[in-house]
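**Student:** Would you mind keeping the following structure in view while I ask a few things?
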Amino acid sequence: MQLSKFTDYALRVLLLAASSPDRNTTIREAAEIYGISHAHLKKVVLLLSKQGYLESMRGHGGGFRLGLPPEQINLGALIRATETDFALVECFNPNSGCSIASKCILPGILDEALTAFLQVMDKYSLQDIVLQPDAFAFGGSCG
């Protein structure tokens, strides 16, 4: 199983915002720090803002910051909010063309594994993984 790039970027954006809660971070800054496309991060920040994970401000001095305290951002809920497809194999899809889908027990095992993964992620919040600001190079400097 692999999380989508969108979820990966969402986690990175939230980690960056949580590391310096007293400052706004720009999408351009985040894109430079992570070496990620500005356009991709813009979509991530938009979704995270719509869902209340981030606050975003436009104009001079704008950017984004956490919209919730880090202890209120549950990692399992975040993954559920950002992943669009939990079909680990083709037969999870109701229109699967698999000829053994009706008899195969593998989907049940994979579903159990997915449930266990999400239950583990549900135990943690953003607060559990926050990094110090010096882990990021803000504008070429630390902090």
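The values are calculated or read from the model by the stated rules, or taken from the named source; none is laboratory data. Since the structure is predicted, the reported quantities are computational estimates derived from the model, not experimental observations. Positions of Cβ are generated from backbone atoms using ideal geometry, with glycine treated the same way; all protein chains shown enter the neighbour counts. Just the protein is used for accessible areas: all its heavy atoms, side chains included, with ligands, DNA and RNA removed. Shrake-Rupley method; radii C 1.70, N 1.55, O 1.52, S 1.80 Å.
**Student:** Looking at the range 9-33, which of its residues are open to solvent by less than 50 Å² (accessible area, probe 1.4 Å) and not aliphatic (A, V, I, L, M)? Write out each step before concluding.
**Tutor:** Taking the range 9-33 as the starting set, the residues that turn out to be open to solvent by less than 50 Å² (accessible area, probe 1.4 Å) are 9-11, 13-20, 24-25, 27, 29-31, 33.
Answer for the range 9-33, where residues must be open to solvent by less than 50 Å² (accessible area, probe 1.4 Å) and not aliphatic (A, V, I, L, M): 9, 19, 20, 24, 25, 29.
**Student:** With (1) assigned to a helix (DSSP H, G or I); (2) under 19 Å from residue 133 (Cβ atoms) as the list, and residue 21 as the residue in question, which single condition is left unmet?
**Tutor:** Condition not satisfied by residue 21: (1).
**Student:** Filter the range 52-77 down to residues that are hydroxyl-bearing (Ser, Thr, Tyr) and open to solvent by 50 Å² or more (accessible area, probe 1.4 Å), then give me how many there are. So that I can check it myself, show each step before the final result.
**Tutor:** Going residue by residue through the range 52-77, those that are hydroxyl-bearing (Ser, Thr, Tyr) are 53, 56.
Within this subset, residues satisfying the condition of being open to solvent by 50 Å² or more (accessible area, probe 1.4 Å) are 56.
Matching residues across the range 52-77 total 1.
**Student:** Moving to a separate point now. I'd like to verify a number: residues in the range 34-51 that are open to solvent by 70 Å² or more (accessible area, probe 1.4 Å) and either of a type in the set (S, T, N, Q) or touching a residue at least 12 places away in the same chain (Cβ under 8 Å) (or both), how many?
**Tutor:** Qualifying residue count, the range 34-51: 4.
**Student:** I'm trying to understand the selection: among the residues of the range 1-17, which are in a helix (DSSP H, G or I) and free of Cβ contacts under 8 Å to residues at least 12 places away in the same chain?
**Tutor:** Initially, the range 1-17 is screened for residues in a helix (DSSP H, G or I), giving 5-17.
Passing the criteria: only 8.
Yes or no, residue by residue, for (1) under 30 Å from residue 16 (Cα atoms); (2) touching a residue at least 40 places away in the same chain (Cβ under 8 Å); (3) touching a Lys or Arg at 6+ places or on another chain (Cβ under 6 Å):
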{"position": "74", "(1), (2), (3)": "yes, yes, no"}
{"position": "95", "(1), (2), (3)": "no, no, no"}
{"position": "102", "(1), (2), (3)": "no, no, no"}
{"position": "115", "(1), (2), (3)": "yes, no, no"}
{"position": "121", "(1), (2), (3)": "yes, yes, no"}
{"position": "124", "(1), (2), (3)": "yes, yes, no"}
{"position": "130", "(1), (2), (3)": "yes, yes, no"}
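**Student:** Search the range 103-121 for residues being over 13 Å from residue 88 (Cβ atoms) and open to solvent by 60 Å² or more (accessible area, probe 1.4 Å), and hand back the single one that is modelled with the lowest pLDDT.
**Tutor:** 103
**Student:** If we scan the range 106-117, do we find a residue that is assigned to a loop (DSSP other than H, G, I, E, B) and touching a helix residue (DSSP H, G or I) at 6+ places or on another chain (Cβ under 6 Å)? It would help to see each step written out before you state the result.
**Tutor:** Step one: list which residues in the range 106-117 are assigned to a loop (DSSP other than H, G, I, E, B), which gives none.
Looking through the range 106-117, none of the residues is assigned to a loop (DSSP other than H, G, I, E, B) and touching a helix residue (DSSP H, G or I) at 6+ places or on another chain (Cβ under 6 Å).
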